[in-house]
Amino acid sequence: MVQLDIKQINDLYYYDGEDLGCTVTADYTTFKLWSPLADSIEICIYENYKDINKKVYSMTKKEKGLWEITFKENLQGKYYTFLSTIDNNTKEGVDPYAKALSVNGEKAAIVNMIETNPAGFINHKRPEKLYGTDSIIYEVSIRDISSDINSGIENRGKYLGITEDNTVSSSGTKTGLSHIKDLGITHVQLMPIYNFDSIDERQPQEDQYNWGYDPAHYNAPEGSYATDPYNPICRIKELKEAIQVLHENGLNVIMDVVYNHMYDVFKSGFHKLMPDYYFRYNNGKLSNESMCGNAIASENVMVRKFIVDSVKYWVTEYQIDGFRFDLMGLIDIDTMNLIREELSKIDSNIIIIGEGWDMNSILSKDKKAIQRNAYKMKNIGFFNDVARDGIRGNAFSLHDKGFINGSYNKEIDIKKTIVGGIKYSEEINTWGDVNPNQVVNYVECHDNHTLYDRLKLTISDENNLKYMHRLGTSIVLLSQGIPFIHSGQEFLRTKNGIDNTYNLGDEINKMDWLRKSENMDTVEYVKGLIKLRKEYSAFRMRSIEGIKSCLKFINSPANSVAYKLINLNDDIKEIIVIHNANESNIEVNLDREEVIKVVVNKEEAGIDVINEIKSDKLICEGLSTLVGLIV
């Protein structure tokens, strides 16, 4: 490793142009690369993706470490790499800013991006971007949503699979896009769709599986989800088509991004073309902060610029509506705040959420984008593991229980979740001074056990499992903050009791559409909760002050939490919510006798009145949520 003077590089060689990479027009093709260390940079032009022979051209060194070359012709259809020579050592690497790729990303493809747009893409109808707490996020894998042979979807496991409407399973239930629309969520969060390195795109998809948290190229789509991975335009156009169809069906699209590490440092263009700058080192070795062998040095100014450029590119070129940052705690605060600032210039409601876990890092704690520093990163959301663990038990303690599955004294964790993570009081306080749009409540995601599998591990009487599951999901969907649902959670998704299924194939990871038909009662229940949340703004307040003034907890028996929402703008006086994790019924006393219209009980949920009660108390059944409206 060369000992770089990082501060000197940052101070002397910051390039602020927004034109790195390849730019193609009808009349010329320009390439720009940043590498101030290089003694020379050459570009290799290949006629075909599998060619060994190449034409090599010297690039011109400009100010700020920039290298540039322009060809007075349209080189679309050809491929390119760069040759970087540093201290007589020459390496060939793929452009880190590559927008299009050959199969397996071995070369960058030269493409005029205008030609990658499906019909009508530029001006297609997009849904209104929503304020954070108005969002209901649904996490989806491009592959899992359609890989089941019973999905009724033709393009199984492909980008185009999510574009197919009116599909049904062999049992007649809605699948894929039709199911997502019917559920009523607002945002589809796509698990990694950038190009990742664990799948050989030349092989049949069925032979391999990976979630994709192993980045190879950040600015180009994954090829294994395309119908033709050999055609550089195909993957781009089909991903855009998927985004367009989701938009036209009223769904915003969040992209799962992994800017914290790369799958193979030594294979990456970052390292080959500008070694030892883009990654963190500890005592001369790559700093393994991500537990994947390395960590990206987001604090270095040109690394920060790359990340900012990349997210802006996905917004402007692909019309992405938001980002979920994997292991965001490994990224520095300044980078995250700059991302927020730049995206807000485009649209302040572009959503940014991430994992704020405090992992070992050479970054000092005060510079990490972690939960305890959330107050330093306004309008950036953090996944709330207090909610997850409080509801179902600690994710990393196999048989630990939570509120819904038999652990006592979890009421405070549930109250912290209900208030959206804000500092409601000295006792009900999650990360201090945060706003509700900074807290993502969830009980299940692609990581760790599904809620169903977790419950099977921790309870003996499976007759109660369905109701525990509904109770956990109802806490998430009726709490302040941003609710997050894992695809299939609504029909008790299982992964056969395995917690980490990142490479275990379709049989384990698929959305099992026959399972949906077996659990339609719970699907309808979750749909009703979503409808209720969307109907009444009291469940999605935007300010700390609003929550404190409108949400008041009510005394209730042990292992239950009850509260009322008052001073409402909606056409009702109060909403009463009770979450009862006891197996037996409980009684909750109210201030006075009221006529209460029940819209959620153990078996039903929604906005329609199930029954009407005139009383000064409410009976909530065991293992259930009750919601009553006072008009």
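The values are calculated or read from the model by the stated rules, or taken from the named source; none is laboratory data. Everything quoted here is computed from the prediction, not taken from an experiment. Heads up, the Cβs are rebuilt from the backbone with ideal geometry, glycines too, and the neighbour counts pull from every protein chain shown.
Numbers for the structure displayed
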read-out	value
Matching option when the condition is modelled with pLDDT of 95 or more, of a type in the set (S, T, N, Q) and touching a Cys at 6+ places or on another chain (Cβ under 9 Å), among Thr81, Thr70, Thr133	Thr81
Candidate set from the range 428-463 (those that are under 21 Å from Lys516 (Cβ atoms) and in contact (Cβ under 8 Å) with a residue 60 or more places away in the chain); member that is surrounded by the fewest Cβ atoms within 10 Å (Cβ to Cβ)	His446
Residues that are touching a Pro at 6+ places or on another chain (Cβ under 9 Å) and of a type in the set (Phe, Trp, Tyr), drawn from the range 197-226	Trp211, Tyr213, Tyr218
Conditions (1) within 22 Å of Pro215 (Cα to Cα); (2) more than 18 Å from the chain's Cα centre (by Cα); number of the one not met by Glu341	(1)
Answer from Glu593, Glu583 - the residue that is in contact with a helix residue (DSSP H, G or I) (Cβ under 8 Å, 6 or more places away or on another chain) and not assigned by TED's automatic domain parsing to the domain that holds Gly528	Glu583
Inter-residue pairs, beta-carbon under 6 Å, first in the same structural domain as Glu139 (by TED's automatic domain parsing) and in the range 371-390, second charged (D, E, K, R) and buried (at least 24 other Cβ atoms within 10 Å of the Cβ), 6+ apart	Val386/Lys416
Matching entry among Ser549, Ser556, Ser560, Ser537 (being exposed (fewer than 14 other Cβ atoms within 10 Å of the Cβ) and among the small types (Gly, Ala, Ser))	Ser549
From Tyr259, Tyr313, Tyr318, Tyr263, residue being touching a Lys or Arg at 6+ places or on another chain (Cβ under 7 Å), under 28 Å from Ile137 (Cα atoms) and in contact (Cβ under 8 Å) with a residue 24 or more places away in the chain	Tyr318
Set Thr70, Thr60, Thr23: member being polar (S, T, N, Q) and surrounded by 14 or more Cβ atoms within 10 Å (Cβ to Cβ)	Thr23
Single match in Asn567, Asn611, Asn601 (criterion: of a type outside the set (Phe, Trp, Tyr), at positive phi and without any contact (Cβ under 8 Å) to a residue 60 or more places away in the chain)	Asn567
Within the range 494-525, considering residues that are touching a Gly at 6+ places or on another chain (Cβ under 9 Å) and outside any loop (DSSP other than H, G, I, E, B), the one surrounded by the fewest Cβ atoms within 10 Å (Cβ to Cβ)	Glu524
Search result, residues across the range 460-493 that are in a loop (DSSP other than H, G, I, E, B) and modelled with pLDDT of 95 or more	Ser479, Gln480, Gly481, Ser487, Gly488, Leu492, Arg493
Residue among Arg156, Arg202 that is among the basic types (Lys, Arg), closer than 23 Å to Glu507 by Cα and crowded, with 19+ Cβ neighbours inside 10 Å	Arg156
Meets criteria (among the hydrophobic types (A, V, I, L, M, F, W, C), buried (at least 24 other Cβ atoms within 10 Å of the Cβ) and more than 24 Å from the chain's Cα centre (by Cα)) for Met468	yes
His247 farther than 30 Å from Leu177 by Cβ, touching a residue at least 12 places away in the same chain (Cβ under 8 Å) and either surrounded by 19 or more Cβ atoms within 10 Å (Cβ to Cβ) or within 25 Å of the chain's Cα centre (by Cα) (or both)	no
Some residue of the range 313-321 being in contact with a His (Cβ under 9 Å, 6 or more places away or on another chain), at pLDDT 95 or above and assigned by TED's automatic domain parsing to the domain that holds Ser361	yes
Residue count for the range 109-153, restricted to those that are aliphatic (A, V, I, L, M), in contact with a helix residue (DSSP H, G or I) (Cβ under 7 Å, 6 or more places away or on another chain), buried (at least 21 other Cβ atoms within 10 Å of the Cβ) and more than 22 Å from Asp347 (Cα to Cα)	5
Criterion: surrounded by fewer than 21 Cβ atoms within 10 Å (Cβ to Cβ), of a type in the set (Val, Ile, Thr) and within 30 Å of Ser460 (Cβ to Cβ) - qualifying residue of Ile619, Ile607, Ile572	Ile619
Selected residue (criterion: nearest to Asn10 (Cα to Cα)) from residues of the range 257-286 that are in contact with a helix residue (DSSP H, G or I) (Cβ under 8 Å, 6 or more places away or on another chain) and of a type in the set (Val, Ile, Thr)	Val265
Hey, Glu241 closer than 30 Å to Asp134 by Cα and over 20 Å from the mean Cα position of the chain (by Cα) or not	no
Out of Gly172, Gly176, sole residue that is surrounded by fewer than 18 Cβ atoms within 10 Å (Cβ to Cβ) and either closer than 14 Å to Glu238 by Cβ or at pLDDT 95 or above (or both)	Gly172
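Yes/no per residue for (1) without any contact (Cβ under 8 Å) to a residue 24 or more places away in the chain; (2) among the acidic types (Asp, Glu); (3) assigned by TED's automatic domain parsing to the domain that holds Asn219:
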position	(1), (2), (3)
Asn288	yes, no, yes
Asn300	no, no, yes
Asp326	no, yes, yes
Ile333	no, no, yes
Ile346	no, no, yes
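A quick yes/no check of all residues on (1) over 23 Å from Asn360 (Cβ atoms); (2) of a type outside the set (Lys, Arg); (3) in a loop (DSSP other than H, G, I, E, B):
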site: Ser224; (1), (2), (3): yes, yes, yes
site: Tyr230; (1), (2), (3): yes, yes, yes
site: Lys237; (1), (2), (3): yes, no, no
site: Val245; (1), (2), (3): yes, yes, no
site: His261; (1), (2), (3): no, yes, yes
site: Pro275; (1), (2), (3): yes, yes, yes
